[in-house]
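Colleague: Sharing a structure with you now.
The values are calculated or read from the model by the stated rules, or taken from the named source; none is laboratory data. What you see is a predicted model; the values in this text were computed from it and never measured. Reconstructed Cβ throughout: ideal geometry from the backbone, glycine too, with neighbour counts over all protein chains shown. Accessible surface is based on the protein model in full, side chains and every heavy atom, while ligands, DNA and RNA are left aside. Shrake-Rupley method; radii C 1.70, N 1.55, O 1.52, S 1.80 Å.
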Amino acid sequence: MRIHQNIQQSFITKKWITVVLIVLLFCGQVPIKASFAGNFDDCDPNFGDQIFAWVQNNAARLSFELADADYDARIFNYMLMSHDDQHRRASKINSELNKIAVEMETFEESVSAMDFDVAAIRREAHSQNLLNSLLSTRADLETLKGIYFATESLPTFEEFGEQGLHHVGRSTLLAAFR
């Protein structure tokens, strides 16, 4: 509930109320009795009161509903993209380990016909290169493990804010009223 209160508080500002009001006016969601065809004789003097009442009674609820639906969609997309990233990283680690294994086999075949001393020197240099590759792969594996543990639980609103994902774009706002 705290997350939803934070969302509600962050979206109910004068700017958002104005944007929502303009969108609703153009979509025909707010009853307007004023005629803007150039004849202001039949303009309702209570128009401002109607708009103010709509903002007081409906804007907060609609803003909260929009933010709630948007937050749920962002959680789903965040988790989906995180799992895709984990899969991509795991595939990269797997291919690196396969490459190291193939490189070890082919190297041993190439040095088996060499002189013992020359083969030993080349093995030492090659083993250092393989060790560097394995350490790099281990670092990638540790990064993957950290991402996995970070996505075991749903992100909070504060985590979205830290990553800059808490803003609702204009397209999201306008799409909600179609």
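Colleague: Being open to solvent by 90 Å² or more (accessible area, probe 1.4 Å) and either at pLDDT 80 or above or under 33 Å from the mean Cα position of the chain (by Cα) (or both) is the requirement here; does Glu65 meet it?
Modeller: Yes; evaluated as a whole, the condition is true for this residue.
Colleague: Answer yes if at least one residue in segment 71-89 is within 20 Å of Glu159 (Cβ to Cβ), part of a helix (DSSP H, G or I) and among the β-branched types (Val, Ile, Thr), and no otherwise.
Modeller: Yes, some residue in segment 71-89 is within 20 Å of Glu159 (Cβ to Cβ), part of a helix (DSSP H, G or I) and among the β-branched types (Val, Ile, Thr).
Colleague: Tell me which residues, restricted to segment 136-153, are of a type in the set (Gly, Ala, Ser) and in a loop (DSSP other than H, G, I, E, B).
Modeller: Once the filter is applied, which keeps residues that are of a type in the set (Gly, Ala, Ser) and in a loop (DSSP other than H, G, I, E, B), segment 136-153 yields only Ser153.
Colleague: Another question, then. Do we have Ala101 as under 20 Å from Glu152 (Cα atoms), open to solvent by less than 80 Å² (accessible area, probe 1.4 Å) and not polar (S, T, N, Q) here?
Modeller: no
Colleague: If I ask for residues that are under 23 Å from Phe149 (Cβ atoms) and over 14 Å from the mean Cα position of the chain (by Cα), which ones from segment 68-90 would you list?
Modeller: Once the filter is applied, which keeps residues that are under 23 Å from Phe149 (Cβ atoms) and over 14 Å from the mean Cα position of the chain (by Cα), segment 68-90 yields Gln86, His87, Arg88, Arg89, Ala90.
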